[in-house]
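Following: one structure in structure tokens, then a few remarks.
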Amino acid sequence: MSEINVDDLPAPNVHRHKRGRPAAIWIVPLIAIAAAAALAVRTYLRTGPTIKIKFESAEGLTVGQSDVRYKNVPVGKITDIDISDDLEEIVATVELSRGFAKLAVEDTRFWVERPRIGVGGVSGLSTLLSGAFIGVDVGTSKKSAAHFIGLEKPPGILRDQGGSAFRLNAQDGGSLAIKSPVYMRREQVGSISDIALAADGKSVEIEVFIEAPYDHVITDQAVFWNASGMDVTLDAAGLRLDTQSIATVVAGGIAIGFRPPDPRHPAKPAKADTKFVLYDDRAHAMATPDQESLALAMRFDQPLRGIGPTTTIDFNGVVMGNVDRVRLGYDSTTRAFYSDVDATVYPRRLGDAYDSMVLEGQQLGRSGPEMLQSLVARGLRAQVRSGNLLTGQNFITLAILPNQRKTEVAMRDGTWIVPTARGGTDLIQDQIANIVAKVDKIPFDAIGGEVQDAAKSASALLGHLDRDVVPDTKKMVDQAQLAMDALREGLAAIRDNVAAADSPIQQSARTTLEELERAAFSLRGLADYLKHHPETILRGRASGPEPH
Amino acid sequence: MKTADELGVIACPLCELVMRSPDGDADCPRCGQFLPRVSRRGIGKCWALVIAAVALYFPANVLPMMHTEQFPMHRDDTILSGIKFLWREGSWELAVLVFAASILVPLTKLIVLGFLLVTSSRRSTWRPRVRTKMYRALEVIGHWSMLDVFVVSLLTAVVQLGRFASVEPGPAVLPFASVVVLTMLASASFDPRTIWMTRRGEA
Amino acid sequence: MPELAVCAYCGAVHRRAPLPGRTTARCIRCDAPLYHSTTEVPAMLGVAVLATVAFVIANTFPLITLSAQGHQTRATLWAAIMASYNYRLPVVAAGLALTLIVAPVVELTLLLWVLVPLSLRTRPPAFRFVMRAMAVLRPWRLVEVFLLGVIIAIVKLSGLATAVLGWGAFGITVMAIAMASLGSFDQSVLWQRAESVR
């Protein structure tokens, strides 16, 4: 190793001594810390309150990705999903954005919006793409809260929707489900927001939400009926098809109607949450509530086909009630079967007629039974009439019939026993029987015999003709034949003598014609001469050549 | 083995000219580059930068780096959640890569720099070769941490498909880029020769 | 007087000896690289020119083309930088511009500034300043990192839609490699050559 002589190395350029600034570099970390602090503060300020919501299932929710949406606007994010202490539910920790702190009030409701398929329809489909999110229905309370229990399904009504909820009570749910439509005059005005079996299992409780402004139209005279599907009625009035819309055919629905205004009970607007009854169909709904009812019992001696528990009892065209029960009975003494019909009628359905009768009764000082007795005396009877020949459905009518045997109306155990008369179908049957009887009476045999006689005479006549008349006729025919021959000959002769060109007749005819022609010619000359020489008529002709 | 200090020589950091050691601050006669003397003054500057980097490291990781909208979902991703997402989506190679570049590297740099700073200022004699290698490694890998910033910029520029998909840089981009830059500056300001300065006088 | 080399990391003094082929001399004390085998100036020039061409390509053509649902977007290098600017991150945009455009441009310019005259055996003007400037900018050239970023972005995007590497990406690749190898060239060669043509 050779010596390294430092002096052979170049020398550096020495600086003049500078005083360096003390630690100017420390600005940098100061700025950095300040910036970090500022960011931290800003983030803290931007985040709103943290709330915890309990759900039964976290299906579809992802930490850091699923958000909370109010009216489709993201207002917060799920920062954590954990299981509750009692291991029964999951707890979602949600961080709300700054401006939406006011969402977290006591009565705010949260639910998980995920795809749901129900009879009412499919909802939440968009979450298939975007992932489930938590929906918010803001409450109106002023108190804020940090812990909530989430709903398991979206609430039927959101608070900000104008409108009111009403409660219906139904015998069964029919084909109704949440979100089934509610119609008024065939326009949708709301939907079912909740439907559930009553706790005692005896009825179904339905909550309907009617949107504003139609909720103010609902009065206490409103009636609700189940308008699901189609009502096909084939009854005494004929075939009727009643439906609200296709939607109700598919998804079920409720229709709202109004009873005819009753001047005695003016309609009052119904408050929210008023309870109504859900009727099975329009007919039942519109029927005026029946206040008084009378129980009737009728015994018919005739076959009672087409009479059953829904058969109507009719009076002068007004449906007064219906049959409750039909029982077959046997009378051993007369060895005949009879039918006992129990029915319920509602006299008030007669409306004004009933009112008048009551008034009359009051004026006459008669009681109800006495009035009925007078009607029966006038001929009020129960009759079976044919309602629909097609279906064989019949109905019972109470009618005042002529020529009825006098009878009494009795009451037994609160049931009026109404006398019966043979009714409509029987009359027809009788008439048919009459016709049959009449036809029966026609003496077909006698007629047949007479026809036979006539035929005999006719053949005798023909025989007579044949024997006697025919030979004479034959003679006549022969003679005629001779005459015909003669005629023929005569015509031939004529032909020969006249028609032929060289027949003497023709010849002479021709000659005559020629002469005539000459004569005419002469006359013409004479006429001419006279024209020129008119004086010759007087003086005669001067001698001269005869003109030719 | 003679060291430059022992011989009284110094090499220009830029043009590598070997010359006599100056007494004070001096420039290289050939290229004019400043000739830094081996001193611990740089350690303070390095600390400052390291502290700044640490301060900004928190927002860089807590705040979201990238905001993605891919109809109809949208998500904010921090560096960590982005890596988790990559991993779950099956691109585990990318996840590892991004993890290495965006989390391992900056963290390592900060830790190693801190370590070097501490050992140098205490004139530790612990394995100077290893420590020098560590420093050289920092120099090499330092700038690779900018990877995530580049990826976000590229994705932002490319994924602008209207409502279908769009990408936006998030608030963490600036802090994170700052962290990378600061660590690069910090490691540049650290004089590795201080590693070799032990209690027993200048190296 | 033998040529000397002082280890920048530990201060050990070595004798500088010519190296065969493509080897690197390492410090005896701390194993840090001391100096590389010398590369001739023409070779350096060639690589520099290649890097420049690659840079032009990288900036002209799009890096990535994304097509999905009938939309098509493409990103050039400049677009990637402007994206940060558009999203209210001007500082980041500036940083990207610095590392991806300014630094390489300046470095290549300066390199050519130096290499061309040296090849022609003349002294480049302001040689010392230029060399110092280059040294300052060198750590800020992040093109290789950007290249990896492009690759990662492509892979991330391929899950979203059809993502295709454009010619710009090819340019970036070449540029990254070229500049990395330029960085490994021994600077002292330039100094020596500059001295010899003084």
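Could you tell me whether any residue of the range B:44-53 is under 25 Å from the mean Cα position of the chain (by Cα) and more than 10 Å from chain A (Cβ to nearest Cβ)? Checking the range B:44-53: not a single residue is under 25 Å from the mean Cα position of the chain (by Cα) and more than 10 Å from chain A (Cβ to nearest Cβ). Of all the listed residues (A:Ala353, A:Ala382), the sole one being at pLDDT 80 or above, within 23 Å of A:Ile417 (Cα to Cα) and of a type in the set (Gly, Ala, Ser) is A:Ala382.
Can you confirm whether B:Ser166 is in a helix (DSSP H, G or I), polar (S, T, N, Q) and more than 7 Å from chain C (Cβ to nearest Cβ)? It is false that B:Ser166 is in a helix (DSSP H, G or I), polar (S, T, N, Q) and more than 7 Å from chain C (Cβ to nearest Cβ).
Residue pairs whose Cβ atoms lie under 7 Å apart, sitting 6 or more positions apart in sequence or on different chains, and linking a residue in the range C:33-55 that is without any contact (Cβ under 8 Å) to a residue 24 or more places away in the chain to a partner that is part of a strand (DSSP E or B) and surrounded by fewer than 20 Cβ atoms within 10 Å (Cβ to Cβ), are C:Pro33/C:Thr24; C:Pro33/C:Arg26. The residues on offer are B:Leu94, B:Leu113, B:Leu80, and the sole one that is more than 9 Å from every other protein chain (Cβ to nearest Cβ) and either in contact with a Cys (Cβ under 6 Å, 6 or more places away or on another chain) or farther than 17 Å from A:Thr62 by Cβ (or both) is B:Leu113.
Of all residues in the range C:14-46, which are under 16 Å from B:Ala11 (Cβ atoms), among the charged types (D, E, K, R) and surrounded by fewer than 16 Cβ atoms within 10 Å (Cβ to Cβ)? Within the range C:14-46, C:Arg15, C:Arg26 meet the criteria. Of all the residues in the range C:136-176, those that are among the aromatic types (Phe, Trp, Tyr), crowded, with 18+ Cβ neighbours inside 10 Å and farther than 17 Å from B:Ala101 by Cβ number 1. Residues in the range B:124-135 that are touching a residue at least 24 places away in the same chain (Cβ under 8 Å) and within 14 Å of the chain's Cα centre (by Cα): B:Tyr135 alone.
Do you know which residues across the range C:167-191 are at pLDDT below 85, in a helix (DSSP H, G or I) and in contact with a strand residue (DSSP E or B) (Cβ under 8 Å, 6 or more places away or on another chain)? If the condition is that a residue be at pLDDT below 85, in a helix (DSSP H, G or I) and in contact with a strand residue (DSSP E or B) (Cβ under 8 Å, 6 or more places away or on another chain), then C:Ser188 is the only one that fits.
Against the condition assigned to a helix (DSSP H, G or I) and of a type in the set (Gly, Ala, Ser), how does C:Ala163 come out, does it pass? So C:Ala163 does not fit the description; no. Do we have A:Ala527 as modelled with pLDDT of 75 or more, loosely packed, with under 11 Cβ neighbours inside 10 Å and on the phi < 0 side of the Ramachandran plot here? Spelling it out, it is not the case that A:Ala527 is modelled with pLDDT of 75 or more, loosely packed, with under 11 Cβ neighbours inside 10 Å and on the phi < 0 side of the Ramachandran plot. Exactly one residue out of B:Ser121, B:Ser102 is buried (at least 22 other Cβ atoms within 10 Å of the Cβ), at negative phi and in contact (Cβ under 8 Å) with a residue 12 or more places away in the chain: that is B:Ser102.
Among the candidates B:Arg37, B:Arg30, B:Arg41, the residue that is closer than 19 Å to C:Phe129 by Cβ and at pLDDT below 80 is uniquely B:Arg30. Is it the case that B:Gly8 is facing chain A (nearest Cβ under 7 Å) and on the phi > 0 side of the Ramachandran plot? Spelling it out, B:Gly8 is indeed facing chain A (nearest Cβ under 7 Å) and on the phi > 0 side of the Ramachandran plot. With a requirement of 1 or more residues that are within 9 Å of another protein chain (Cβ to nearest Cβ), the strands (runs of 3 or more DSSP E) lying completely within the range C:1-118 that satisfy it span C:4-6, C:13-15, C:33-36, C:64-68, C:71-75. Of all residues in the range C:155-198, exactly one satisfies the criterion of being within 14 Å of C:Ala80 (Cβ to Cβ) and out of contact with any helix residue (DSSP H, G or I) (no Cβ under 8 Å at 6 or more places or on another chain), namely C:Gly166. Among the residues making up the range A:204-237, those that are modelled with pLDDT of 75 or more, of a type in the set (A, V, I, L, M, F, W, C) and outside any strand (DSSP E or B) are A:Ala212, A:Val217, A:Ile218, A:Ala227. Close Cβ contacts (under 9 Å, 6 or more residues apart or on different chains) running from residues in the range C:139-158 that are closer than 19 Å to C:Val105 by Cβ and more than 7 Å from chain B (Cβ to nearest Cβ) to residues that are of a type outside the set (Asp, Glu) and not in a helix (DSSP H, G or I) are absent.
Of all the listed residues (A:Leu375, A:Leu359), the sole one being under 43 Å from the mean Cα position of the chain (by Cα) and under 28 Å from A:Met286 (Cα atoms) is A:Leu359.
Taking the range A:238-280, which residues are among the basic types (Lys, Arg) and modelled with pLDDT under 70? Hit for the range A:238-280 is A:Arg240, nothing else. From the set of residues in the range A:42-64 that are charged (D, E, K, R) and outside any loop (DSSP other than H, G, I, E, B), which is farthest from the chain's Cα centre (by Cα)? Here the answer is A:Arg42.
Taking (1) more than 21 Å from C:Ala32 (Cβ to Cβ); (2) in contact with a Leu (Cβ under 9 Å, 6 or more places away or on another chain); (3) free of Cβ contacts under 8 Å to residues at least 60 places away in the same chain in turn, B:Leu182 satisfies each apart from (3). When the range B:22-37 is limited to residues that are facing chain A (nearest Cβ under 7 Å) and surrounded by 15 or more Cβ atoms within 10 Å (Cβ to Cβ), the one that is nearest to the chain's Cα centre (by Cα) turns out to be B:Leu35.
The set of residues in the range A:39-74 that are within 9 Å of chain B (Cβ to nearest Cβ) and of a type in the set (A, V, I, L, M) comprises A:Leu39, A:Ala40.
Considering the conditions (1) facing chain A (nearest Cβ under 9 Å); (2) buried (at least 20 other Cβ atoms within 10 Å of the Cβ), B:Met65 is excluded by exactly one of them, (1).
The values are calculated or read from the model by the stated rules, or taken from the named source; none is laboratory data. Since the structure is predicted, the reported quantities are computational estimates derived from the model, not experimental observations. Cβ atoms come from the backbone with ideal geometry, glycine included; neighbour counts cover every protein chain shown.
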